[in-house]
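Read-outs: derived from the displayed coordinates by stated rules, not from any lab. Everything numeric here is computed off the predicted structure, so don't read it as measured data. Glycine gets a Cβ as well: all are built from the backbone with ideal geometry, and neighbour counts include every protein chain shown.
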Amino acid sequence: MPVAVITGASKGLGRALAEALAVRGWDLVLNARTAEVLERTAEAVAAHGTRVEALAGDVTDEQHRSALVAAAWRLGGVDLLVSNASALGAEPLVRLDELPLAGLRHALEVNAVAALGLVQEALPLLRVSRAGAVIVVSSDAAAEAYETWGGYGASKAALDHLAAVLAAEEPDLRVWAVDPGDMATDLYAAAVPDDAEPRPEPAGVVPGFLRLLDERPASGRYCAPSLLEGVR
């Protein structure tokens, strides 16, 4: 069975994607920081009959990243790496003139540096996979200028560029940066707690991610609306 490593997998998009892959028979290595929530997610995902390794920890920890890849190796390798774990830099978001530089450093560390570190750990296994792929979860804030989203957007822009260069350096892999669009997630609620506007559930964009795996388009940056066109 193919094996996927998913960070930030206990809730939201990470959990929705894990469940969808489990239904398709993928074995999974799941990461999140909160052990209790991650364990409940792992139990729900494993109910689909797949093997699941749940490792609670921080993706900025080099030893934890090594443990994630080692767990995937025990399951058979790494066919898909999904970097979904994210940090805002400030909760709630603030303008750049108020953004703590420590918060910006943390956002860059989680969203870009740790994502690259995990890719570096997993590359030997991805290269020997018959269909090795990397998905980094981006944001429209990486490409558009929105007030208060500067630090987070900068970190996601860095992630996008790392993904683009990785694709150029590893032509045998598929490397996709995906902007999932607006979603009802804890991350968004922490970013803009006063925004009461209803937003789509993360499960609604998962078919777009699955389309990437099914059709394997060229490496690049994709947005959920375009991926969902024509998907039933």
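Relative to the dominant Cα principal axis of the chain, helix 114-128 is inclined by about 20°.
For the stretch 3-228, a crude dipole built from +1 on the beta carbon of Lys and Arg and -1 on the beta carbon of Asp and Glu, taken about the Cα centre, is about 760 debye to the nearest 20. Would you kindly state the longest site-free stretch of the chain, with sites defined as GluC sites (Glu not before Pro) in a DSSP loop (not H, G, I, E, B) surrounded by at most 15 other Cβ atoms within 10 Å? Longest run free of exposed loop sites: 1-97.
With the cut-off at 1.5 for a/c, could you classify the stretch 3-228 from its C-alpha gyration tensor as rounded, prolate or oblate? Since a/c stays below 1.5, the shape of the stretch 3-228 is classed as rounded.
Annotation for the stretch 110-196: trypsin sites (Lys or Arg not before Pro) lying in DSSP loop with at most 10 further Cβ atoms inside 10 Å of their Cβ are Arg130. Pairs of C-alpha atoms in the stretch 5-132 farther apart than 24 Å represent 29 percent of all such pairs.
Spatial offset of the stretch 163-221 relative to the stretch 91-107 amounts to 23 Å, using the alpha carbon center of each. Of the residues Cys223, Leu159, Ala20, the one whose Cα sits farthest toward the positive end of the charge dipole of the chain, with +1 on the Cβ of Lys and Arg and -1 on the Cβ of Asp and Glu, is Ala20. Axis angle, to the nearest 10 degrees, between helix 35-46 and the longest C-alpha principal axis of the chain: 40 degrees. Positive end of the dipole of the chain (Cβ unit charges, origin at the Cα centre): among Val82, Val69, Ser139, the Cα lying farthest that way belongs to Val69.
Between Tyr146 and Met1, residue separation times 0.36 nm minus the direct Cα-Cα distance comes to 48.0 nm. Relative to the longest principal axis of the Cα atoms of the chain, the long axis of helix 62-75 makes an angle of roughly 30 degrees. Fully extending the segment from Ala44 to Arg74, taken as 0.36 nm per residue of separation minus the present Cα-Cα distance, adds 8.7 nm.
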